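Before we start, here is the structure in question, set down as structure tokens.
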Amino acid sequence: MGLMTGNFPPVEPAAFMDQPYRERLKTLSRHWVDHGFGSPKVIALIYITKLLFFYVLGGVLVGTLTSGLNPLHPAAWWHEPIFYEKSILWTLLLECLGFAGSWGPLAGHFKPMSGGVHYYARPGTIRLPPWPERVPFTRGDERTPFDVALYVALLAVLVVSVALPGTHTHGIDKALGANRGLVQPAVIVAVIALLGILGLRDKVLFLAARSEQYVPALIFFAFFPFVDMIVAAKLLIVTVWLGAGLSKFNRHFPSVLPPMVSNVPWLTVKAIKRRLYRSFPDDLCPSEFTQRLAHGPAMFGELVPPVVLLFSHSHAVTATAVAVMIVYHLFILSTFPLAVPLEWNVVFMYVTAFLFLGYPAQDGYALGDMGTGLLILTVTGLLFFPVLGNLRPDLVSFLPSMRQYAGNWASAMWAFAPGCEAKLNQGLTKAALMQKDQLQLKLPLLGYEERVAEVTLTMILAWRSLHSQGRGLNSVMINHLGDDIDHYTLREAEFGCNAIVGFNFGDGHLHDRRLIEAIQKRCRFAPGEFTVVWVEAEPLGDGRQQYWVMDAAVGIVERGSWAVKEAVSAENWLPNGPIPTRVDWRLAGYGRVSYPRVGAVPVAGGAVGA
């Protein structure tokens, strides 16, 4: 891998794409083990430059200069409450603009490199209201000038919130003495209100803002007395850590670590990467070492240190736990995960130090220093969505469910009859072409030949196949398409979603039935041209994942499930055939239309799943 050239799989693209699909999966997943996505090193440098200069340096300058602080004297401002508040608001602003998480090539944004403002400020793009039948004035799936006006207002209020000097409120002077105040509560209330209204009209924007992380903090900023605000913020960050840690007690998580570590750009020792797999190149299931790592040290970092931080009254113990959590976030950041939440990890590193070293329990910021009623209300509110989302994942996105990197996600796979993917560019209002076409643009680092672009996108399917859902999704798609799977255009739905609505974060709820229906309304695929296999996350302790198959022109045509234990134990390229699935329902009379290679005549009703 060079600075400007990636580590492309050792295949001849045209001949390779003519191979059976499972052979392609086998070749590319083996390549992923050693090289990950194989991006040029300059991609990592672009991310690092954006993170350090635009986010960190920009955030420091904004947070200090607008608050009467000297950016050159960090000892004087790192523990200032207004700088903490503005670090959250600065991060939220960048998330809303699309310049933070889910940005750049690792999220499927090649040109432009961001979603966000390119979609939310453009009338006619798709919006996805969460409860259109229940909430008045939210029906429809098209972004209107009203939506754009609300979004622009949100950005304006966020800019105001980080630009205004502090105000002395919520008892901060009594608690601290000399200080620079707090962000004005009225402005924060406006941010909360606008995010809430926008979220009811478009769940994509609401989740893209990482509202599950930042809105609770904004509520504390706006309404809580100062000491209660600090203690509540501690409860919030500990809830995020514990939610992520506890959700990893499942069969899925060991499959997450190997492909994540394989994509680390600074780790070039193949032997270390291969040790995470059971028997490279023949068996790419997680090794026993990975199983022990996943359910031992990996979860230790999200469970024990947070509890220590919440209850410790010892400076040495607290400092040690803070160091552990900072290293933990630094490791996640260094792996460049495909959703690239780099800014989120940086702000969590800072917030950890701010809350637990700047305002330690022994100085009057322990749980017992918070009002009992407010403590109960805060804990209840923070636990509501994680508990509900793990018991009923169909009701709650995995983001507010706090299942970060747990491997237990809603996911999907798309299949287009030959030539039909082009309808997405023709029929949809969006800021970017689909990824295959982005990759072919004559621009620096792009300009891929068509078949090279296809191999590159198939790499993402190989990555998905290394996770439990990938084996199930591929199994159902093989059962449904039969031999057609070898010449249909296959796509990872998360990447497709990024091009169509501007954001995804590993959450299948953002490309569920409602998105497919919105796409179909505009693109009018014929029966059999666009097939979707979608799976919900596993409910806590259930042991099965529920899937459905959708023909975009017809609707959902099949529902069923698979056993998680079957998915996690199968070889990722399914050399022994699809894993067992249980079909619970099929649409009566449905016959899938089969499309041979380009130029042939389609055949109705003769395929598996008809």
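Readers should treat all values here as calculations from the given coordinates under stated rules, not as data from a laboratory. Everything numeric here is computed off the predicted structure, so don't read it as measured data. Cβ placement follows ideal geometry from the backbone for every residue including glycine, while neighbour counts extend to all protein chains displayed.
Points 7 angstrom from Cα along the Cβ direction at residue 300 and residue 449: gap in nanometres?
5.0
Could you please report the charge total around residue 142, scoring K, R as +1 and D, E as -1 over all other residues with beta-carbon less than 10 angstrom from its beta-carbon?
With Lys, Arg at +1 and Asp, Glu at -1, the net is +2.
Within 10 Å, Cβ to Cβ, of residue 277, how many net charges do the neighbouring residues add up to if Lys/Arg are +1 and Asp/Glu are -1?
Around residue 277, the surrounding residues sum to +3.
Based on the mean of other Cβ atoms within 10 Å per residue, sort peptides 324-334, 562-572 so the most packed one is first.
Top of the packing list down: 562-572, 324-334.
What's log10 of I(q)/I(0) for the chain at q = 0.07, 0.11, 0.12 Å⁻¹, Debye sum over Cα points only, no solvent?
Evaluating at q = 0.07, 0.11, 0.12 Å⁻¹ gives log10 I(q)/I(0) of -0.43, -1.07, -1.27.
Same structure, new question: Can you give the percent of C-alpha pairs in segment 527-572 whose distance is more than 13 Å?
Everything past 13 Å amounts to 60 percent.
Let me ask something else. From the cross-link list 111/423; 203/521; 26/270; 111/203; 41/273; 26/442, which pairs have alpha carbons spaced over 21 Å apart?
Violating the 21 Å limit, Cα to Cα: 111/203; 26/442.
Which of the lysines could be linked to residue 174 by a straight reach, that is with a Cα gap under 27 Å, when you skip same-chain ones fewer than 8 residues away?
86, 234
So, by mean Cβ neighbours within 10 angstrom, what's the order for 447-456, 11-20 with the highest one leading?
Most protected by this proxy first, the peptides run 447-456, 11-20.
Can you compute the modelled spin-label distance between residue 392 and residue 12, with each label point 7 Å from Cα toward Cβ, in nm?
Between residue 392 and residue 12, the label points sit 5.7 nm apart.
Would you please put 255-263, 195-203 in order of how densely packed they are, using the mean number of other Cβ atoms within 10 angstrom per residue and starting with the highest?
Final packing ranking: 255-263, 195-203.
Tell me the Rg and the Dmax, in Å, that the Cα atoms of segment 475-610 produce.
15.2, 48
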